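The values are calculated or read from the model by the stated rules, or taken from the named source; none is laboratory data. Bear in mind that the values here come from a model prediction, so they are computed numbers and not experimental data. Cβ coordinates were reconstructed from backbone atoms using ideal geometry, including for glycine residues, and neighbour counts include every protein chain displayed.
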């Protein structure tokens, strides 16, 4: 658990993946996607407030407006909210790359993660124990273990690219040559 103090009141915040899923369910947007795109500080503060509100366990959770008043009075809420975000989005050290599947055009969505966990038969109690990026890491590791034939690719260098796809040589005579 992560703790945050606002206006002299200490709140325990749950950084487990379930908090991100609650945010998605209530506000209809992915907190990961929202926080990864650049948003103005005032909007960021509102998103962080709603995120922190849902990270507080239900038994201890005040009304959103009460929490908003406390946050407004606390001059350091933005910093505290960003620390809560860091706890929620704690990276899995061994997870390489973004949470989206490589080459995917769709933005990350917590519901897709839920569907993937269900498809592979993973214990959903992990959502209450691990931060969301750790759950994604477990899912990726499982995928790698099941797909032993999978090849890992690296981007081509410029030299390799030019050798594979040579450009035709330009001829000066064709462009503005003699003739008439």
Does segment 21-28 contain any residue that is without any contact (Cβ under 8 Å) to a residue 60 or more places away in the chain, in contact with a strand residue (DSSP E or B) (Cβ under 7 Å, 6 or more places away or on another chain) and closer than 30 Å to residue 125 by Cβ? no
Being under 21 Å from residue 90 (Cβ atoms) and in a loop (DSSP other than H, G, I, E, B) is the filter; apply it to segment 105-163 and report the residue that is modelled with the lowest pLDDT. 107
For the structure I just gave you, tell me whether residue 88 is under 27 Å from residue 3 (Cα atoms) and at pLDDT 90 or above. yes
Criterion violated by residue 67 - all others in (1) surrounded by 19 or more Cβ atoms within 10 Å (Cβ to Cβ); (2) closer than 22 Å to residue 92 by Cα; (3) in contact (Cβ under 8 Å) with a residue 40 or more places away in the chain satisfied: (2)
Could you grab me the full set of residues in segment 1-34 that are part of a helix (DSSP H, G or I) and crowded, with 18+ Cβ neighbours inside 10 Å? 17, 18, 19, 20, 21, 22, 23, 24, 31, 32, 34
For segment 52-63, what are the residues that are out of contact with any strand residue (DSSP E or B) (no Cβ under 9 Å at 6 or more places or on another chain) and modelled with pLDDT of 95 or more? 53, 54, 63
Number of the exception - residue 78 against (1) surrounded by 14 or more Cβ atoms within 10 Å (Cβ to Cβ); (2) touching a helix residue (DSSP H, G or I) at 6+ places or on another chain (Cβ under 6 Å); (3) not in a helix (DSSP H, G or I): (3)
